[in-house]
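Data block below; observations after.
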Amino acid sequence: PGQKSAYSNLGYCLLGKAIADARGLSYRDAVNRDIPETRQMGMDPWLGPAGGWSGTAEAYFRFAARPLPAGTTNHPVPRPDDVPYGLGWGVGPDGLLTHFGVLAEHFTILVRKGSFVAVALFDGRPADPTAAAVALRPILLDLVEGNGAR
């Protein structure tokens, strides 16, 4: 742990089961209790913790704008072909935090720097979601810094 990142949907399933068991609730109810900002978001019950959460731009904004857990940026884990990862956020050298995901035919990216949060939702799935997120980061960073879009 903390040395290498290996994405694993099975790992998320096991973590979700541990959370549910520890709380004595369903996974969804446990997350909604512990992270109230997820109450307006949906999740695929068949995929469970491996399937991610979905919602409106407003719901994603509320989730991304909440106070960050203390360890988010302390020791991000390196990832091949992407920025290091800290508690669900990509931690850029410029202080920009990002998270992106794809569900079915949708692509979402969140960026945060200080108190600025931007959410972009797209219909359609890019061929390479990581490359799409990397390409969008500087554009969204321009918005954060008040330079306007490129």
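The values are calculated or read from the model by the stated rules, or taken from the named source; none is laboratory data. Remember, it's a predicted structure, so these values are computed and weren't measured experimentally. Quick reminder, even Gly has a Cβ in these numbers, built from the backbone with ideal geometry, and neighbours come from all protein chains shown. Quick note on the areas: whole protein, heavy atoms, side chains included, nothing else; ligands and nucleic acids left out. Shrake-Rupley method; radii C 1.70, N 1.55, O 1.52, S 1.80 Å.
Taking the centroid of alpha carbons for each part, the range 81-135 and the range 1-71 are 16 Å apart. 3J(HN,Hα) along the range 33-44, derived from phi through the Karplus expression 6.51 cos²θ - 1.76 cosθ + 1.60 where θ = phi - 60°, amounts to 5, 7, 10, x, 5, 7, 5, 9, 10, x, 8, 7 Hz, with x in place of Gly and Pro. FRET efficiency for the Asn74 to Leu14 pair, using the beta carbon distance and R₀ = 30 Å, is estimated at 0.80.
Neighbours of Gln40, meaning other residues whose beta-carbon lies under 11 angstrom from its beta-carbon, give a summed charge of 0 when Lys and Arg score +1 and Asp and Glu score -1. The string of couplings for the range 125-135 from the Karplus curve (6.51, -1.76, 1.60, θ = phi - 60°) is 10, x, 4, 10, x, 5, 5, 5, 5, 4, 5 Hz, one whole number per residue in order, with x for Gly and Pro. Taking amide H as placed 1.01 Å from N in the peptide plane, Gly90 has its amide H under 5 Å from the amide H of Thr98, His99, each at least 5 places away in sequence or on another chain.
Helix 9-23 and the longest principal axis of the C-alpha atoms of the chain enclose an angle of approximately 60°.
Summed over the residues of the chain and divided among them, the accessible surface reaches 60 Å² per residue at a probe radius of 1.4 Å. Using the Karplus relation 6.51 cos²θ - 1.76 cosθ + 1.60 with θ = phi - 60°, the per-residue 3J(HN,Hα) values for the range 47-62 come to 7, x, x, 7, x, x, 10, 10, x, 7, 4, 5, 5, 4, 4, 4 Hz, with x marking Gly and Pro. For His106, the amide hydrogen comes within under 5 Å of the amide hydrogens of Gly124, counting only partners 5 or more places away or on other chains and with H modelled in the peptide plane.
Here the chain has 60 percent of its accessible surface on carbon and sulfur atoms, given a 1.4 Å probe and all protein chains in place. Residues whose amide H falls under 5 Å from that of Arg79, counting only those 5 or more places apart or on a different chain, are Tyr85, with hydrogens built in the peptide plane. Among Gly24, Gly48, Gly16, the largest mean-square fluctuation in a Gaussian network model of the chain, built with springs joining Cα atoms closer than 10 Å, belongs to Gly24.
Helical content alone sets the calculated 222 nm signal of the chain at -10000 deg cm²/dmol, taking -39,500 (n - 2.57) per DSSP H segment of four or more residues and averaging over every residue. Here the simple spin-label model places points 7 Å from the Cα toward Cβ, and for Asp94 and Leu25 these points are separated by 3.8 nm. Note on the chain: with a GNM built from Cα contacts shorter than 10 Å, the maximum mean-square fluctuation among Arg112, Arg137, Arg23 falls on Arg23. Using 0.36 nm per residue and subtracting the Cα-Cα separation, the extra length available between Asp82 and Thr130 on full extension is 16.6 nm.
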